[in-house]
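Structure record follows, encoded as structure tokens.
The values are calculated or read from the model by the stated rules, or taken from the named source; none is laboratory data. Note that the structure is predicted; figures quoted are calculated from it, not measured. Every residue, glycine as well, gets a Cβ built from its backbone with ideal geometry; the counts of neighbours run over all protein chains shown.
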């Protein structure tokens, strides 16, 4: 059954699916859509033009779908789209996009711990963990299976590749390549995320190829173009390396650790 606490405020245009529960003093804005069995906690706000999938949990005091804080935003209708089975903890804030018709997007099966901020036009993938106090500036892209430790700040327009792990208290102003362990301010690359890759089912041969690819990038003395060419030639049949090459080609703000060739440690695999 649909359960709406008597103190909650729900806009008449909001669409609430079966099994949705709205807690005390929660506010649901206009043109909001909330999927089956999603729970909105006390004093939480789901603002206008936001969509949440099924089986999500939005905890006390979170503000989901607030307007963009970009100074260019002048009240244009923009959107927030959130997938299924997300856990959004206390006082998380997620903003809608800036420009007319654009979207901030969050996938499925993510955990956003307390006080996380996701700014306008960000795209967060699936199975992502953002620990307490992580702050994403506008237009940040976080790919699948990324874990980011507490109190990390990410500059606008940067990307974090899939299966990367970022240590707590780091400050990121450039892209983080997939599969890496990164930590610090300024950030340093500490090797590949071997434990994460094993958990995701990558076999020994694939993990070995990824490690060799990163040695070409960070330890060979080759420039990025030369290292990429060798990776493409040596490992072109491995999908994970092809993805890495495409990710490198798409960078706009540069890549963490490649300026000055920050060394990659030899981690155990």
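Just a few scattered comments:
- Single residue of the stretch 235-256 satisfying the filter (touching a residue at least 24 places away in the same chain (Cβ under 8 Å) and in contact with a helix residue (DSSP H, G or I) (Cβ under 8 Å, 6 or more places away or on another chain)) that is surrounded by the most Cβ atoms within 10 Å (Cβ to Cβ): 244
- If you go through the stretch 31-89 and keep only what is over 17 Å from residue 109 (Cα atoms) and not in a loop (DSSP other than H, G, I, E, B), you end up with 33, 45, 46, 50, 63, 65, 66, 79.
- Test: residue in the stretch 158-175 that is without any contact (Cβ under 8 Å) to a residue 40 or more places away in the chain, closer than 19 Å to residue 80 by Cα and assigned to a loop (DSSP other than H, G, I, E, B): no
So that you can scan it fast, the table gives a plain yes or no per residue for (1) surrounded by 24 or more Cβ atoms within 10 Å (Cβ to Cβ); (2) farther than 19 Å from residue 32 by Cβ; (3) at pLDDT below 95; (4) under 13 Å from the mean Cα position of the chain (by Cα):
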position	(1), (2), (3), (4)
81	no, no, no, no
94	yes, no, no, yes
105	no, no, no, yes
131	no, yes, no, yes
150	no, yes, no, no
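- Of the residues contained in the stretch 247-254, one or more are found to be more than 16 Å from residue 182 (Cβ to Cβ) and assigned to a loop (DSSP other than H, G, I, E, B).
- Sole residue being surrounded by 20 or more Cβ atoms within 10 Å (Cβ to Cβ), outside any helix (DSSP H, G or I) and out of contact with any helix residue (DSSP H, G or I) (no Cβ under 6 Å at 6 or more places or on another chain), chosen from 181, 222, 202: 181
- Within this structure, residue 89 passes the test of being out of contact with any strand residue (DSSP E or B) (no Cβ under 6 Å at 6 or more places or on another chain) and buried (at least 19 other Cβ atoms within 10 Å of the Cβ).
- Yes/no for residue 109 being surrounded by fewer than 23 Cβ atoms within 10 Å (Cβ to Cβ) and either in contact with a helix residue (DSSP H, G or I) (Cβ under 7 Å, 6 or more places away or on another chain) or on the phi < 0 side of the Ramachandran plot (or both): no
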